[in-house]
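Each remark here refers to the structure printed beneath this line.
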Amino acid sequence: MPWPVSVQCEVLEVSRSGFYDYVSRQAQVTIDAEDVTLVARVKAIAAKTRASYGSRRMAKPLQDEGFKVGRYKARRLMKDAGVVVKRRSMRKPQTTDSRHGYGVAPNLAHSFPTGASPSHRWAA
């Protein structure tokens, strides 16, 4: 049975956090060979589609190539590959030209006859 962590740290003269940091660095995750292939395919598909595919659309061509990939795995592979979706900017139509050279229209309300009170005007 191994020694308790506190005893090991005391003997080795290291802190507990340093010990656990060392242990976590030793347990690095190894990358699967299939994941390396998938990441390369994701990069290729993203380059072909000009990074317009999200994870849902990215999963489809990978599935067509025979890989067992779902939407969430495609999202993880895109993150590993550094692929970010580039959104198109939606241009709105310009409806007002405020830089025109036209003058200000005259106020024609003063030429209409007045009604029952000064704030009423007749119009037709």
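The values are calculated or read from the model by the stated rules, or taken from the named source; none is laboratory data. Keep in mind that what you see is a predicted model, and the values were worked out from it rather than measured. Quick reminder, even Gly has a Cβ in these numbers, built from the backbone with ideal geometry, and neighbours come from all protein chains shown. These accessible areas exclude ligands, DNA and RNA; they are computed on the full protein's heavy atoms, side chains included. Shrake-Rupley method; radii C 1.70, N 1.55, O 1.52, S 1.80 Å.
Within this structure, Met58 fails the test of being at pLDDT below 95, within 25 Å of the chain's Cα centre (by Cα) and either within 30 Å of Pro4 (Cβ to Cβ) or not charged (D, E, K, R) (or both).
Residues that are assigned to a helix (DSSP H, G or I) and either farther than 30 Å from Asp32 by Cα or at pLDDT below 95 (or both): does the stretch 111-122 have at least one? Outline the logic, then answer.
Step one: list which residues in the stretch 111-122 are assigned to a helix (DSSP H, G or I), which gives 111.
Right, trim to either farther than 30 Å from Asp32 by Cα or at pLDDT below 95 (or both) and you get 111.
Checked against the condition, which is being assigned to a helix (DSSP H, G or I) and either farther than 30 Å from Asp32 by Cα or at pLDDT below 95 (or both), the stretch 111-122 yields at least one hit.
Screening Arg50 with (1) touching a strand residue (DSSP E or B) at 6+ places or on another chain (Cβ under 6 Å); (2) on the phi > 0 side of the Ramachandran plot gives one miss only, at (1).
Exactly one residue among Val5, Val42 is farther than 20 Å from Lys68 by Cβ and modelled with pLDDT of 90 or more, and that residue is Val5. So is Tyr72 open to solvent by 100 Å² or more (accessible area, probe 1.4 Å), aromatic (Phe, Trp, Tyr), more than 30 Å from Cys9 (Cα to Cα) and within 25 Å of the chain's Cα centre (by Cα) or not? So Tyr72 fits the description; yes.
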